[in-house]
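*Asks:* Attaching a single structure in structure tokens format; questions to follow.
The values are calculated or read from the model by the stated rules, or taken from the named source; none is laboratory data. What you see is a predicted model, and the numbers here were worked out from it, not measured in a lab. A quick note on method: Cβ atoms are made from the backbone with ideal geometry, for glycine too, and the neighbour counts reach across all protein chains shown.
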Amino acid sequence: MAHDFDSKIEHLLKVSGKYIPPKRVYEEAYIKDYESVYAYSIRDPEGFWGQIARELIWFSPWEKVREIDLPHHRWFVGGKTNITVNALDRHADSWRRNKVAIIWLSEEGEEQVGTYGQLRDRVNQFANGLKSLGVKKGDRVVIYMSLTIEGIIAMLACARIGAIHSVVYAGMGAGALRSRIEDCQAKVIICSDVAFRRGKVVRLKATVDEALEHLDFVEKVVVHRRSKPPIELEEWEVDFWELLRSHSHHCAPEVMDAEDPLFILYTSGTTGRPKGVVHVHGGYMVGTYYLSKAFYDLKDQDVYWSTSDIGWIVGHSFIVYGPLCAGATVLIREGAPDYPHHGIVWEMVQKYGVSVMFTAPTALRMFMRFGEEYIKKYDRSTLRLLACAGEPLNPEAWNFAQEVVLENRGHCIDNFWQTEIAGPVLGTMPTGVSKPGRVGKPLPGVVADVVDAQGKPLPAGHGGYLVLRQPLPYMMRTIYGDPKRYEDYWLAIPGCYKTGDIAVCDEEGYFAVLGRVDDVLNVAGHRIGTADLESALVAHPSVAEAAVVGLPDEIKGESIKAFVVLRAGKKPTEGLRKSIIQHVRKELGPIATPSELAFVEKLPKTRSGKIMRRLLRARELGLPEGDTSTLED
């Protein structure tokens, strides 16, 4: 792999400015001195992580903070706990008993509110219900529900009794659902009969029925019935609320070893075979709890809203487990962020006084496309932090978030992580200096590097493989049923965890993640990151969103094709096409000029908002599309 980027395409790696967060953010921040905290975490990782873990409840203390024998690593060795004791009991048995844990909203404005005391009671009741169905420690339970309080109850109830949950995003097709049920050999399925998105009914139960045809190992299906009148149930099916209400609200938590599995979360692969990433009770709990406080800066007075869903790792780590372990008030909303109108997100920020928000670059670019008037109509003065992750955050979108959404009263903080690493590893701390176009620095406990294919560190400004040089407590422990696939993460570059992303680090230690390894184009021998190209395209005043792919070219090796979604009010014309192409040429140089540019109404994305570039490329070349189970409808 060649690592020297052509000088003419380094434009977006050169940061034109820095942003110092406002005094308000600094004064309220959990960590004010990143440098000293980071230095301690690297100098004494056992002391650092052990100190954090001691803030939580353990049935039995650990013997060792960590035990590393790569590719395997164990944390809080010998310790016994249960993540629900820290997400529920620690608060329900304290002054937080009557504090609001979850506020749920529907697209139509319906609201449900649950306190920590109420949430623990419901979780215990449902946990007892699952036990009555024969579910026990180690059994796998697949959850196919939309973003509702019931979905969160189902997750926590499984954890309460030591069952391993696997949430499948509500809306995935029967084939994708079936493959996940088969892979983990689920004993019970918990589903909703319907979900609601953009005012339409999504029939989940019908998908479950199709997925379960001829699968005789599934014993029961628990159905959260939302339709009026209620649908009829078969003899092997059980009503969610009837099961819950028929049991006691006292349920002793299962004593779990720190390394016992908590959940399996499947990620899509280009081969069509999903990967079942396994996270555990102990290290995952400590990591997500710490990051909820230290990075997302959640405090008792905050109202926190993540626009993600429980079907994705963001939902697991920073809707459910992390914020609840930290005792936060979590706002959740079922449905689309642009329905019933383009300003609904900001209307909810105003109504509930949201102070910390987590969203994706794709969502920010969508808001840009709609126009500022939908934002400025509502009061966003409560917003202190706006965290953004999911794919590279281009400077244009960062500036929009900082100047238009936050009006410089808060701080837009970029961060990078992935399903396999259940929380941020790179990011800009709330009190850190932001450099638009850079995700930030390694977070406490993280040793990150940019290396060549042999693992040799590369000098500042040179693009290469992003690796982590030591494990973290909140990283995955294996791929379910496929340990070899897990080991490849650590063995491809000896002694390093290979993220699969291309990155560059500057002289000040700020990283820019440029995209996946397979999102790097090779044009006439020059390696060009899709993030560079897409950022240049979006910087054009008429462009809302963009994606680029490389297509085979006899002369250049690859040529660049761009797909562009225009901002509201802009019309696709040949003149505009030429203007956008010329803009990219001016920004990045002749080698990065798109050979083709197509105007499209929308880009294919996963339901978590990531652009599926490989799907665009496959369609252009007439190739098989691979795994499309996460494709948004």
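*Asks:* Which residues, counting only those in segment 477-492, are touching a strand residue (DSSP E or B) at 6+ places or on another chain (Cβ under 7 Å) and of a type outside the set (Ser, Thr, Tyr)?
*Replies:* Arg477, Ile479, Gly481, Arg485, Trp490, Ala492
*Asks:* Within segment 300-316, track down each residue that is under 8 Å from the mean Cα position of the chain (by Cα) and part of a helix (DSSP H, G or I).
*Replies:* Ile313, Val314, Gly315
*Asks:* Please specify each residue of segment 130-150 satisfying the condition of being among the basic types (Lys, Arg), over 16 Å from Ser246 (Cα atoms) and surrounded by fewer than 23 Cβ atoms within 10 Å (Cβ to Cβ).
*Replies:* Result: Lys136, Lys137.
*Asks:* May I ask you to list the residues in segment 407-422 that are outside any loop (DSSP other than H, G, I, E, B) and within 15 Å of the chain's Cα centre (by Cα)?
*Replies:* Ile413, Asp414, Asn415, Phe416, Trp417, Gln418, Ile421, Ala422, listed by residue number.
*Asks:* Report, by residue number, each residue of segment 368-379 that is buried (at least 20 other Cβ atoms within 10 Å of the Cβ) and touching a Gly at 6+ places or on another chain (Cβ under 9 Å).
*Replies:* Ile375 - this is the single residue of segment 368-379 that is buried (at least 20 other Cβ atoms within 10 Å of the Cβ) and touching a Gly at 6+ places or on another chain (Cβ under 9 Å).
*Asks:* Limited to segment 447-475, what total is found for residues that are touching a Ser or Thr at 6+ places or on another chain (Cβ under 8 Å) and in contact (Cβ under 8 Å) with a residue 40 or more places away in the chain?
*Replies:* Number of matching residues: 4.
*Asks:* Looking at (1) at pLDDT 95 or above; (2) touching a Lys or Arg at 6+ places or on another chain (Cβ under 7 Å), find the lone condition where Ala401 falls short.
*Replies:* Condition not satisfied by Ala401: (2).
*Asks:* A further question follows. Kindly establish whether Tyr296 is within 17 Å of the chain's Cα centre (by Cα), buried (at least 21 other Cβ atoms within 10 Å of the Cβ), modelled with pLDDT of 95 or more and not aliphatic (A, V, I, L, M).
*Replies:* So Tyr296 passes the test.
*Asks:* A further question on this structure: When the residues of segment 41-59 are filtered to those that are part of a helix (DSSP H, G or I) and in contact (Cβ under 8 Å) with a residue 60 or more places away in the chain, which remaining residue is farthest from Val446 (Cα to Cα)?
*Replies:* Selected residue: Ala53.
*Asks:* State all residues of segment 528-549 that are in a strand (DSSP E or B) and either under 21 Å from Gly609 (Cα atoms) or basic (Lys, Arg) (or both); if no residue qualifies, say none.
*Replies:* Gly529, Val543, Ala544, Glu545, Ala546, Ala547, Val548, Val549
*Asks:* If the Cβ limit is 6 Å and pairs must be 6+ apart or interchain, which residue in segment 548-559 that is over 22 Å from Phe599 (Cα atoms) and surrounded by 14 or more Cβ atoms within 10 Å (Cβ to Cβ) pairs with which residue that is among the β-branched types (Val, Ile, Thr) and modelled with pLDDT under 85?
*Replies:* From segment 548-559, the pairs are Lys556/Val523.
*Asks:* Which numbered condition in (1) buried (at least 22 other Cβ atoms within 10 Å of the Cβ); (2) out of contact with any strand residue (DSSP E or B) (no Cβ under 6 Å at 6 or more places or on another chain); (3) not β-branched (Val, Ile, Thr) is the only one that Gln301 fails?
*Replies:* (1)
*Asks:* Give the residue, chosen from Glu242, Glu235, that is free of Cβ contacts under 8 Å to residues at least 60 places away in the same chain and either part of a helix (DSSP H, G or I) or not acidic (Asp, Glu) (or both).
*Replies:* Exactly one of Glu242, Glu235 is free of Cβ contacts under 8 Å to residues at least 60 places away in the same chain and either part of a helix (DSSP H, G or I) or not acidic (Asp, Glu) (or both), namely Glu242.
*Asks:* For segment 84-202, please list each of the strands (runs of 3 or more DSSP E) lying entirely inside it that holds at least 2 residues being in contact with a helix residue (DSSP H, G or I) (Cβ under 8 Å, 6 or more places away or on another chain), of a type in the set (Val, Ile, Thr) and modelled with pLDDT of 95 or more.
*Replies:* 100-105, 140-144, 164-167, 188-192
*Asks:* Hey, among Gly445, Gly423, Gly461, Gly427, which residue is surrounded by fewer than 21 Cβ atoms within 10 Å (Cβ to Cβ) and not basic (Lys, Arg)? Step through it out loud before you land on a result.
*Replies:* Details: Gly445 fails: surrounded by fewer than 21 Cβ atoms within 10 Å (Cβ to Cβ); Gly423 fails: surrounded by fewer than 21 Cβ atoms within 10 Å (Cβ to Cβ); Gly427 fails: surrounded by fewer than 21 Cβ atoms within 10 Å (Cβ to Cβ).
After applying the criteria, what remains is Gly461.
*Asks:* Say we look at segment 380-409 and pick out the residues that are touching a strand residue (DSSP E or B) at 6+ places or on another chain (Cβ under 7 Å) and over 21 Å from Gly609 (Cα atoms); which of these is surrounded by the fewest Cβ atoms within 10 Å (Cβ to Cβ)?
*Replies:* Step by step, filter segment 380-409, then rank; the result is Leu406.
*Asks:* Another one. Could we say that Ala592 is surrounded by 15 or more Cβ atoms within 10 Å (Cβ to Cβ), free of Cβ contacts under 8 Å to residues at least 40 places away in the same chain and among the small types (Gly, Ala, Ser) here?
*Replies:* No: the conditions fail for Ala592.
*Asks:* Pro261 - would you say it is closer than 27 Å to Ala92 by Cα, in contact with a Lys or Arg (Cβ under 6 Å, 6 or more places away or on another chain) and at pLDDT 95 or above?
*Replies:* No: the conditions fail for Pro261.
*Asks:* Please determine, by comparing only the residues of segment 567-597 that are touching a strand residue (DSSP E or B) at 6+ places or on another chain (Cβ under 7 Å) and assigned to a helix (DSSP H, G or I), which one is modelled with the lowest pLDDT.
*Replies:* That would be Ile591.
*Asks:* Scan Gly134, Gly109 and give me the residue that is in contact (Cβ under 8 Å) with a residue 24 or more places away in the chain and at positive phi. Working first, answer last.
*Replies:* Working: Gly109 fails: in contact (Cβ under 8 Å) with a residue 24 or more places away in the chain.
Among Gly134, Gly109, only Gly134 is in contact (Cβ under 8 Å) with a residue 24 or more places away in the chain and at positive phi.
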